[in-house]
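J.: Before I ask anything, let me first share the structure, which is written out below as structure tokens.
Every number here is computed from the coordinates shown, using simple stated rules; none is lab data. In this text, all values refer to a predicted model and were calculated from it rather than measured experimentally. Note that each Cβ is placed from the backbone with ideal geometry, even for glycine, and that neighbours are counted across all protein chains shown.
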Amino acid sequence: MIPFPDSYDNELRPLPAEQMSEDGREAIESLKTKGYEVQTGLTPEYADAIAAMALEPSIKEYCPNDSGSRFINRQTTAEWLSKKRATFLLLHKSDNGQLELAGYGWVGAKQNPLIPGGETTFSLRVSENHQGKGLASPFSVSMLAAATAIYGAKHMWLETWESNGGAVHIYHKIGFQDVASKQEERPTATGQMVADTRLFMTRE
Ligand SMILES: CC(C)(COP(=O)(O)OP(=O)(O)OC[C@H]1O[C@@H](n2cnc3c(N)ncnc32)[C@H](O)[C@@H]1OP(=O)(O)O)[C@@H](O)C(=O)NCCC(=O)NCCS
């Protein structure tokens, strides 16, 4: 087991399928049949691609901190990485063999008083050009299985908004269970505040 990374990589790495759980290997195969693969690591060039993707309206709506603070540019992304985060990139192989960023996610050590025993935070984004194709489940499962195989990550948890029906559906589908909720105001993509419920979930 190695510690979570805290800086940029020179190149991305494939997932270690042979060391991963069966559901992780099945997720890799499912993505492959759709023309996608997941690699781990983060280069400055892919930080640029994440910064562009973070500006998509659906990502700004539910994840405003991505374009607002985390992934504004290479410098803010380097600061975010220094908190020890393992990045996973969903890549689509185009007809000319080029790899295009179709999604990103990460895991890292983080605790929350509302999640007793929760050790590893997990986040997920799929680009609008690739949404609705059934990618979120296999991307998530391959990411979680790889995080366990590479970093020994366990006791995963996440937070999401109740109104984000697609995300809530996916998280339940891959085995996350609700453990807490909090009525809050959510900042929207346009900067307004709306009433919503923050959901906290865990997966063993
Ligand atoms: C949420 C997100 C990850 C889903 O990714 P995706 O690849 O489009 O999702 P998929 O196509 O794999 O699956 C969507 C599933 O949710 C279901 N769904 C979609 N909208 C739904 C809704 N409002 N309520 C319930 N289920 C819904 C679909 O029927 C599908 O179900 P199925 O897998 O059982 O067939 C993606 O839309 C995204 O990145 N959004 C912006 C960022 C974000 O919200 N991230 C999560 C932050 S917590």
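J.: For Gly103, what is the net charge nearby, where nearby means another residue's Cβ is under 13 Å from its Cβ and Lys, Arg count +1, Asp, Glu -1?
T.: -2
J.: Sorted by mean Cβ packing within 10 Å, highest first, what order do the peptides 148-158, 4-14 take?
T.: 148-158, 4-14
J.: Net charge near Ser142: determine it from the other residues with C-beta under 10 Å of the C-beta of Ser142, scoring Lys and Arg +1 and Asp and Glu -1.
T.: Around Ser142, the surrounding residues sum to -3.
J.: Okay, moving on. For the chain, what does the helix formula give at 222 nm: sum of -39500 (n - 2.57) over DSSP H segments with n ≥ 4, over the residue count, nearest 500 deg cm²/dmol?
T.: When only DSSP H runs of four or more count, the value is -9000 deg cm²/dmol.
J.: Using every Cα-Cα pair within region 1-79, state what percent have a distance larger than 22 Å.
T.: 42 percent
J.: Give the order of Glu79, Glu56 when sorted by the count of other beta carbons within 10 angstrom, beginning with the fewest.
T.: Placing the least packed residue first, the sequence is Glu79, Glu56.
J.: Give the shape of region 13-203 as rounded, prolate or oblate, defined through the alpha-carbon gyration tensor: a ≥ b ≥ c are the square roots of its eigenvalues, a/c under 1.5 means rounded, and otherwise the shape is prolate if a/b is larger than b/c and oblate if not.
T.: The shape class here is rounded.
J.: Further question on the same structure: Could you go through region 133-144 in sequence order and give the Karplus-derived ³J(HN,Hα) for each residue, using 6.51 cos²θ - 1.76 cosθ + 1.60 with θ = phi - 60°, rounded to whole Hz, and x for Gly and Pro?
T.: 10, x, 8, 4, 5, x, 4, 4, 5, 5, 5, 5
J.: What is the distance in Å between the Cα centres of region 185-199 and region 110-182?
T.: The two parts, judged by their Cα centres, are 20 Å apart.
J.: Now, a different point. Once amide H atoms are placed 1.01 Å from N in the peptide plane, what residues at a sequence separation of 5 or more from Ala153, or on another chain, have their amide H within under 5 Å of its amide H?
T.: Those lying under 5 Å, H to H, from Ala153 are Thr148.
J.: So what are the ³J(HN,Hα) numbers for region 56-64, from phi and the Karplus equation (6.51, -1.76, 1.60; θ = phi - 60°), rounded to whole Hz, Gly and Pro as x?
T.: So the J values, rounded to whole Hz, are 5, x, 5, 7, 4, 4, 9, 9, x.
J.: When the Karplus curve 6.51 cos²θ - 1.76 cosθ + 1.60 is applied with θ = phi - 60°, which whole-Hz ³J(HN,Hα) does each residue of region 189-204 get, with x for Gly and Pro?
T.: Using θ = phi - 60°, the values come out as 4, 8, x, 7, 10, 10, 6, 7, 10, 7, 9, 10, 9, 10, 9, 8 Hz.
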